[in-house]
1. Say the dipole of the range 9-131 comes from +1 at the beta carbon of Lys and Arg and -1 at that of Asp and Glu; which of Gln100, Val71, Ile46 then lies farthest toward its positive end?
2. With only Lys, Arg, Asp and Glu charged, each at its Cβ (+1 for the first two, -1 for the last two), find how big the charge dipole of the range 9-131 is about the Cα centre; round to the nearest 20 debye.
3. Can you tell me the relative contact order of the chain? Whole percent, Cα pairs under 8 Å, sequence separation 6 or more.
4. In nm, to one decimal, how far is the modelled label at Glu126 from the one at Glu80, with both set 7 Å along Cα→Cβ?
5. Take the Cα atoms of the chain, find their three principal axes, and give me the spread along each one in whole Å, biggest first.
6. Give the separation of the Cα centroids, the range 55-85 to the range 97-118, in Å.
7. Put +1 on the Cβ of every Lys and Arg and -1 on every Asp and Glu Cβ in the chain; which of Gln110, Leu21, Ala146 then has its Cα farthest towards the positive end of the dipole?
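Read-outs: derived from the displayed coordinates by stated rules, not from any lab. Quick caveat: nothing in here was measured; it's all calculated off a predicted structure. Here the Cβ is made from the backbone with ideal geometry for all residues, glycine too, and neighbour counts use every protein chain on show.
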Amino acid sequence: MPTTRDDSKDNINKEVADILLKTKEPPVARFRLLSKGMEPYHRLYIRDAEFDVVGDKACLACGNCIDSCPVLRRDPKRFEQTEQRTSFALESCVGEDCEQCYSCVLACPQVDTAYKDYIVDEVIPETIQPAPRITSLDNYFMALIALIIGMVIGVFLAR
Ligand code: SF4
Ligand code: SF4
């Protein structure tokens with residue numbers, strides 16, 4: 001569900017989003033820049049005109065994208081390259097080894113909900129393999145089981 005201020009996923013530029021999602025590099029920074037940035041209702045909003053942060057799209061260095069990346073979780077040695085927890089650090093540590101799971105985008109507080117809705121509702125379901133259907137081999141297996149059960153019952157009845 002969009003937040004009170006977020007657009008619907010139907011209003012995003014899906015063509016641009018698809019290009020970014022198909023690029024084999026960490027996508028979070030680009031989606032952050034496509035988003036609206038800090039809103040006046042955000043907790044980090046500072047009520048001082050001199051330090052107005054509304055619309056600021058900068059990385060907060062919260063590290064959510066780093067923590068959610070499966071490439072880094074499997075290979076923590078990559079962290080040795082930097083102590084930072086930013087999208088730039090993610091790009092440096094993962095690069096073209098990105099597995100395009102989009103966890104980093106979904107975890108980023110600076111990415112609009114509309115993009116997250118689009119990824120969860122329309123992009124990820126296309127990449128998930130459907131559960132294997134019962135194949136004809138499964139039917140042969142069931143027929144074999146039925147035959148064995150039938151034979152056992154037949155032996156009992158013939159006694
Ligand atoms: S979280 Fe997923 S999409 Fe983001 S950089 Fe890591 S592998 Fe790539
Ligand atoms: S999740 Fe946090 S660290 Fe990563 S890009 Fe977004 S604001 Fe920056």
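1. Looking along the dipole axis, the top candidate is Val71.
2. 200
3. The value is 31 percent.
4. It is 3.9 nm.
5. Principal-axis extents of the chain (Cα, largest first): 97, 40, 29 Å.
6. 13
7. Farthest towards the positive end: Ala146.
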